[in-house]
Amino acid sequence: MITPVNTTQPVADQQKAGASQNSAITSDFETFLLMLTAQAKNQDPLEPMDSTEFASQLAQFSMVEQQVQTNDLLSNLATALGGTKLNELASWVGMDVRSTSAFHFDGQPVTLFAQADPDADATKLVIRDSDGTVIDNVTVPTTTEEFVWAGVDSSGNPLASGNYTATLESYKGDKLLSEKPVAAYNRVVEAQVGDDAVLLTLQGGQVIPATQVTAVRTGA
């Protein structure tokens, strides 16, 4: 069950705070204008106020006001984007995602996905353990794109639980045409914001960018 992250209240609080600050700035600016107007009206005729200094003060205060308002807008935007990112991360956790990364075997048959070379007249599914050692070779039909690997050795004994990888080798006669990585589903246990993409930690501990996911389904 995915619990959505509620970001509505913090964003609302930020907006209220920004509105309050903007109101204060507007009030201060109006007060400043009133003071300058009063100063201009009551200046000494023999020593009038320097118009250049008057304009400079007005311009400086206006620049400060605009900068503060810009900062408020950027802050509100960052808060909104942060909330969206958290919701996106939460939506990944608990889902089953398909990728060509290593898949986790826990004693139950695993469904694997791959497509043979169109010119192949024979295909072979090659299973390797986490050390890269070949532990199983299975001849499969060339027209099949979905395979169920039982996870047993040649004697029918269950293999140890752990992470495995698979490739589909396509042959024409004795010639190897291609060797493609095989995809499988893994449960997502954690999602993080990486430098360039969302990073997903799978149930076997492997970490992949979300861009490598080719299909998603609800975790059972």
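Using the per-residue mean of other Cβ atoms lying within 10 Å as a proxy for protection, in what order, highest first, do the peptides 208-214, 156-162 fall? Walk me through the numbers before you get to the answer.
On the way: 208-214: 15.1, 156-162: 11.4.
Put in order of decreasing packing, that is 208-214, 156-162.
For region 97-220, which whole-number percentage of the solvent-accessible area (1.4 Å probe, protein heavy atoms only) is attributable to carbon and sulfur atoms? Mind showing how you got there, number by number?
Values: 3080 of 6760 Å².
So the carbon and sulfur contribution to the accessible surface is 46 percent.
The values are calculated or read from the model by the stated rules, or taken from the named source; none is laboratory data. Nothing here was measured: the structure is a model prediction, and the numbers come from that model. Here Cβ is always computed from backbone atoms with ideal geometry, including for glycine, and neighbour counts include all displayed protein chains. When the accessible area is computed, the model is the full protein with side chains, heavy atoms only, and any ligands, DNA or RNA have been set aside. Shrake-Rupley method; radii C 1.70, N 1.55, O 1.52, S 1.80 Å.
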